[in-house]
1. For segment A:257-269, state whether one or more residues are surrounded by fewer than 16 Cβ atoms within 10 Å (Cβ to Cβ) and over 26 Å from residue A:128 (Cβ atoms).
2. Which residues, counting only those in segment B:179-205, are closer than 30 Å to residue B:158 by Cβ and either away from chain A (no Cβ under 14 Å) or out of contact with any helix residue (DSSP H, G or I) (no Cβ under 9 Å at 6 or more places or on another chain) (or both)?
3. For residue A:276, indicate whether it is under 16 Å from residue A:164 (Cα atoms), crowded, with 18+ Cβ neighbours inside 10 Å and in contact (Cβ under 8 Å) with a residue 60 or more places away in the chain.
4. From the residues in segment B:118-128 that are part of a loop (DSSP other than H, G, I, E, B) and touching a helix residue (DSSP H, G or I) at 6+ places or on another chain (Cβ under 7 Å), which one is surrounded by the fewest Cβ atoms within 10 Å (Cβ to Cβ)?
5. Determine which single condition residue B:154 fails, assuming it passes every other condition in (1) surrounded by 15 or more Cβ atoms within 10 Å (Cβ to Cβ); (2) more than 18 Å from the chain's Cα centre (by Cα); (3) closer than 18 Å to residue B:110 by Cβ.
6. Read through the list (1) under 16 Å from the mean Cα position of the chain (by Cα); (2) within 22 Å of residue B:2 (Cβ to Cβ); (3) assigned to a loop (DSSP other than H, G, I, E, B), then give the number of the only condition that residue B:115 fails.
7. Looking only at segment A:183-218, filter to residues that are surrounded by fewer than 17 Cβ atoms within 10 Å (Cβ to Cβ) and without any contact (Cβ under 8 Å) to a residue 40 or more places away in the chain; which one of those is nearest to residue A:164 (Cα to Cα)?
8. Please verify whether residue B:108 is crowded, with 21+ Cβ neighbours inside 10 Å, touching a strand residue (DSSP E or B) at 6+ places or on another chain (Cβ under 9 Å) and farther than 14 Å from residue B:9 by Cα, treating the condition exactly as stated.
């Protein structure tokens, strides 16, 4: 056996050198200091704290060291996501009998918030994948659940969600992709836009029109990659979310078996809206993680950077700014967690609360990350520093899963309906 | 023998935390500070669980000494795959004064009670860096020890241990029952999976007091003072070698 002399001597010399070796490179990005007001483990059960700790460790060790490379080289980190799936992150709120982890929406929010501190873009994709797995688990029959869910929960297969089209974004119910019944197949024609994972994923949950105009004519089909007539547009070049490919998904006389339809015809839009409630909490949770990481980075920077003879942390303006950032972060977190609980319990205010939480958290967290970037001064603008990636990655959270304008529509409708 | 393994785990201040000394210099600040399982203990748990998965041993029992919070550390070990836990309750001043000698007496008592094949511990804790508990436990039990293990294998009823020593690697074969301490390169601890964290909730953690085991935990040591390491001071530049020698003499260094 090869001698390890000098290394072994170092290893025995003192604990400061031989702290758990896989965690070496993360000291700078993950300085966990005295438990503070923004500690995300406040108020959680012991079990939730275990999930969270594990997710934070995974994020720090497996994601954070690569987040910049994945962004700059536009790498879809399949192996890392599969590692995450092995831990149960592939179908967090999918039922255990088909391979899921069977956890609650709140557990899910806590997990995505923690994972996001390692890489927002990858975590956001994992959350979309989870939503797709959940849709099949919830709306599919047993045959469909057994056919698709186990592979999705392990991430042996990846999923994409196709609702948006070039002509219908916020006005989702006006979608034009058609599915005409011919014998035991639907012939699908149309195209979907901005599909996360599109072209690299295996299973596509597609909302298409089987009936007349409006929401009641929409059904949900599961389309598998390799089906003749299914093709993809070019990979889009984005400001952020670069660790997931985004492409148009094109259907040209694509024949999809009727047994791939989830539920009955005309139920698709309902499924989409129900899926989006959870999706909104997930995306908001990703924003929370980015904001949390950014607050830590800003705090560390203020304690180190000196100007005018003292550290920036002595500036009252910056102290107050940091306090405001922390306050908005905790407020956002509380809203998101409450919305998760409401959704889990099927409360009557769940839909509005999910919309409010998504609106509030994505807006506030973007501002937090942006303020954190500002506090870094010129360094904040360099790609060597993580804060700019958090800003770029969460900017889109104010747009997708329902724009924040649509969130306002939902909330105002709820308010004005009671007249 | 039972095919049972006892793993000792310690709850310590998380490795990434900046340590602060209390203003009265009595001890380090622990209130509100993030704690986690000692990294070498994680490695010990991982090794035991791996051996169980390879069917070399039958049961992994994890033990931790301390106040209520020690249960968190035991649960983490259960989530990694240990079968059951033992929480030895030590609180307040007793806990502040708890050191390797007392812990090894507890471990020795439990090792005999549980009729174990071997005891495995982390080689040292990252808070006190004592590197004594494993060795003392073996001495109290008069069992062979395989410390600083970077590789472990069962050979019949003996254990082959590759130890990391100053000169390189030493391989020893020891009889069971024995005490092993885990070094850094023994393995890479797994992440607990979500299903395992949930299963861990159902696993049993027994609660015992040191007195129940017939162990006296009074400390023979008294901590007089805790200080931060001296702040690094600015150096001084000198012009000539003579100057340097004079300065060194002045400072009493030569």
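1. no
2. B:179, B:180
3. Considered against the rule, which asks whether it is under 16 Å from residue A:164 (Cα atoms), crowded, with 18+ Cβ neighbours inside 10 Å and in contact (Cβ under 8 Å) with a residue 60 or more places away in the chain, residue A:276 comes out as yes.
4. Out of the qualifying residues, it is B:126.
5. Only one criterion is unmet by residue B:154, namely (3).
6. The failed condition is (1).
7. A:213
8. yes
The values are calculated or read from the model by the stated rules, or taken from the named source; none is laboratory data. Note that the structure is predicted; figures quoted are calculated from it, not measured. All Cβ positions, even for glycine, are placed from backbone atoms using ideal geometry, and neighbour counts span all protein chains on display.
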